1. Rounded to two decimals, what ratio of Rg to Rh does region 303-348 give with C-alpha atoms and a Kirkwood Rh?
2. Looking at region 302-394, which trypsin sites (Lys or Arg not before Pro) are in a loop (DSSP not H, G, I, E or B) and have at most 15 other Cβ atoms within 10 Å?
3. For region 129-188, run through the GluC sites (Glu not before Pro) and keep only the ones in DSSP coil with at most 12 other Cβ atoms within 10 Å of their Cβ.
4. Compute, for region 324-481, the length of the dipole vector about the Cα centre, with Cβ point charges of +1 (Lys, Arg) and -1 (Asp, Glu) only. Units Debye, rounded to 20.
5. How large is the convex hull of the Cα atoms of region 324-481 per residue, expressed in Å³ as a whole number?
6. Toward the positive end of the charge dipole of region 324-481, about the Cα centre and with charges on Cβ (Lys, Arg +1; Asp, Glu -1), which of Ser446, Ile460, Tyr409 goes farthest?
7. Can you flag which of Lys265/Lys477; Lys265/Lys445; Lys191/Lys265; Lys305/Lys445; Lys279/Lys447 are past 27 Å Cα-Cα?
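None of the figures in this text is laboratory data; all of them are computed from the coordinates on show. Since this is a predicted model, take the numbers as computed values, not measurements. Every residue, glycine as well, gets a Cβ built from its backbone with ideal geometry; the counts of neighbours run over all protein chains shown.
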Amino acid sequence: MIVRWQRLQAYTLNLEQVFFLKSRANNAVVKPKWAVYEVAQNAGRCNKLGMSYKTPLNNKSRKQSKRATSHEESFCKVQFIRVSPKFNLSPALDTMAFLAFVLLLSAQFKLIVPMEKVQLYRFPSGSVYFGNFICNPFRYLWEEKLASSMVADRSHCALFCVNKPKCYSFNMAAYPDFKGLYRCELLATDKYRSTERFHANSSYHHYCPWVRIADRNELNAACVVIIDGLLEAIFPQSPCESAPCMNGAVCVPEYESNFYHCDCKPGFCGTHCEQGGDKTCSQIKLCNLPDGSYFIDPDGEGGVKPFKVYCDMTDKDGVGVTVVSHDSEHRTLVDGFNSRGSYSRNVKYDESDFVQLASLTSSSANCEQFIKYDCYHSVFLKNGKMFGWWVSRGGEKMTYWGGVDFVDYKCACGLTNSCADPIDGCNCDSNDDVWREDSGLLTDKSKLPVTQLRFGDTGIASDGSDEKGHHTLGKLKCYGLNHDLQSPKNRLKCT
């Protein structure tokens, strides 16, 4: 005969919860009976409610019962245990036989002790199930239904969920149909994994797993109830309720272990996704991600729109270099433009505009861009009479070339006195019939990126010789983190 469980009581002994099963065999009923109890919760006043413990009722006795009708709305916490015994007992059980039976099952019941501090547990053998759900009044999780059914009450809906291995939460109608039944919808996810689909609803309540902890050293809980004369602290919490995951990560509860893990957004890592970021490739590099294309958001949420860049994780000693390409990287001929700056080339950067690139340079510790001009009989910055120049991000006409910062009318060779003609500031200023070159890195990030290239003196020389040149502009590269943005002087004040 299958035992009919009449009641399951929870006791507290030596600060440790121990479960003791009271059972009687029933000759007339052979199918198992669910053992269910509900705990009232009402804003710290639970210990004053008359119905803090509720014995399971069958449908007939529910209709006849008048208990707890005035407090029904306060019953928001549902706890239950299902025990599926696999032993046959005689109808007449004396005390000794019952104790022997309890000892026989003691190993199985020990499982219930650690289970009491988790939200949802299904023993692999299928013999013991534990669930602990909290009601989210008039809320609905819009997710694909694992299964649905019409049930008599929330306890049946909860048991329906626990018996489905993939069920993690359920929606239940707030009002019955004309037969007195409620629609129960089982879900294979929960409100923490699908936050954006969790909405208010006037027709449904949503139930999700929460944990119940009993500890006399922690009786400053939000709610304390009395069950069978014993104090039990009710802590309304879930592993994800404290929002432990950072930087927009999704908290995924692991109910069987009363823990969680964080699904990090791209570019973040760590237990709580606290490392890395998506401001620049140097932040993304902190999570040891490989070379590749990534979306970055240098000024964070609410600023400029995120844009796509390439992250070189090996350059600059592996610091994580943000690389932005453009349409003027190839060596390009300049010929037939004699007047100063008459040749003009606007630079268009891939996937980004100059406002976005300004946010990148501001968020980076260093930025650089290679620039080069090959010349044949074409003067450049001769004695301050500029025929060629580059234009900064702010639209400024810049008076120096690559390899130099802040020194007017100079190229790299001019700083080291190594130009073709020592009296000139650039090799191209020799203005002779020899192919020469001036090149180097531009490193003032407040001026980068280059937005335009201008050249001249590429017409016909006075001696009839041809004048020409070629320009080459490298990719914008930024690396390192601008820690000045996090200095105390930049901290937002609340006064």
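1. Radius of gyration over Kirkwood radius for region 303-348 works out to 1.18.
2. Working: sites: Lys308, Lys316, Arg331, Arg340, Arg345, Lys348, Lys372, Lys382, Lys385, Arg393; in loops: Arg331, Arg340, Lys348, Lys385, Arg393.
Those satisfying the criteria are Arg331, Lys348, Lys385.
3. Details: sites: Glu143, Glu144, Glu185; in loops: Glu143, Glu144.
Listed in order of number, the matching sites are Glu144.
4. On the way: 17 positive and 23 negative charges, 105 e Å.
That gives a dipole near 500 debye.
5. Roughly 97 Å³ of hull volume per residue.
6. Result: Ser446, furthest along the dipole toward the positive end.
7. Numbers: Lys265/Lys477 24 Å; Lys265/Lys445 29 Å; Lys191/Lys265 18 Å; Lys305/Lys445 20 Å; Lys279/Lys447 20 Å.
Listed pairs above 27 Å: Lys265/Lys445.
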